[in-house]
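Below you'll find the structure, written out as C-alpha cells, and then a few comments.
Each value in this text was obtained by applying a stated rule to the coordinates, not by laboratory testing. The structure presented is a predicted model; accordingly, all values stated were derived computationally and were not measured. A quick note on method: Cβ atoms are made from the backbone with ideal geometry, for glycine too, and the neighbour counts reach across all protein chains shown.
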Amino acid sequence: MVSWSSAFATAFKIVLMSIIWAIIGLILIAIGLSMMGPIFTPPTMTHLPRYNMTGSAILGLMVAIIGYGILLLGTLASFLKYSAEYYAKEIREKGTLYQVQQPTY
C-alpha cells in the first residue's frame, strides 16, 4: 500500500514545478504582449510616430504563443516525470505482484 506521505510529497513536487513553469511561461506571455502593445495604443498616447508595426506584432504573438506552450508542456512534463518516478519507485520497493508461471503442456 502506498503511504500518504510519499503521495503528498510527489504531489508537492508536481505542484512546485508546475508553478515554476507557469512563472516562466507567464513572463514570456507578458513579454510577447508588451511587444504587441504599441499596436493597440493610439499614437497620441505613446508619442510614437505612426508606422507599420506588423513585424513587432507578429514577433510578439509568436513569443506569447511560445510562452503559453512552455507553460502547458512544462506542467504536463512535470506531472509525467514525477508520476513515473513515483510509480517506478513503488514497483521497485514492492517487487512484482504476481509470480509468472511457466505453462505446462
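Some points to look at:
- Each of Ser5, Ser56 was scored by other Cβ atoms within 10 Å of its Cβ. Listed from fewest to most, they are Ser5, Ser56.
- FRET efficiency, 1/(1 + (r/R0)^6) with R0 22 Å, evaluated for Ala9 and Phe79 via beta carbons: 0.90
- Annotation: extensible slack from Ile23 through Gln101 equals 23.0 nm (criterion: 0.36 nm per residue apart, minus Cα-Cα distance).
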